[in-house]
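Data block below; observations after.
The values are calculated or read from the model by the stated rules, or taken from the named source; none is laboratory data. As the structure is a prediction and not an experimental result, all values here were calculated from the model. Positions of Cβ are generated from backbone atoms using ideal geometry, with glycine treated the same way; all protein chains shown enter the neighbour counts.
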Amino acid sequence: MAQMWITMGPQHPMTHGLWTLRVKVDGETVVDTEAELGYIHRGVEKICEARDFTQVTPYCDRLCYVSAMTWSNSYIYAAEDLLEADVPERAEYIRLLAAELQRLA
């Protein structure tokens, strides 16, 4: 059987997402893989340089329509660590609940 490339990923191949994994197969045997990264680069880093940390969160929400909450949470966790901020336990539960609802959607 001839070798062929199959596009795989955590999303449907016809939609954009964070990355795509190309898999080279020979029959049912995986021969090679290539990860293609950087699909969501929009110059956000440069845009955020002129803003304070509270103004960056809306940009994080728009990085990927599939997982907006994940990007916001990642940014907020990093900002809180840098600021050594104490986060109420209730806020942690609300974030966890929102992330789980996003995952299910």
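The set of residues in the stretch 30-61 that are modelled with pLDDT under 90 and in a strand (DSSP E or B) comprises GLU34, ALA35, GLU36, LEU37. Scanning the stretch 73-105 for residues that are surrounded by fewer than 10 Cβ atoms within 10 Å (Cβ to Cβ) and at pLDDT 90 or above turns up ASP81, LEU82, LEU83, GLU84, ALA85, ASP86, PRO88, GLU89, ARG90.
Taking (1) surrounded by 11 or more Cβ atoms within 10 Å (Cβ to Cβ); (2) at pLDDT 90 or above in turn, THR70 satisfies each apart from (2).
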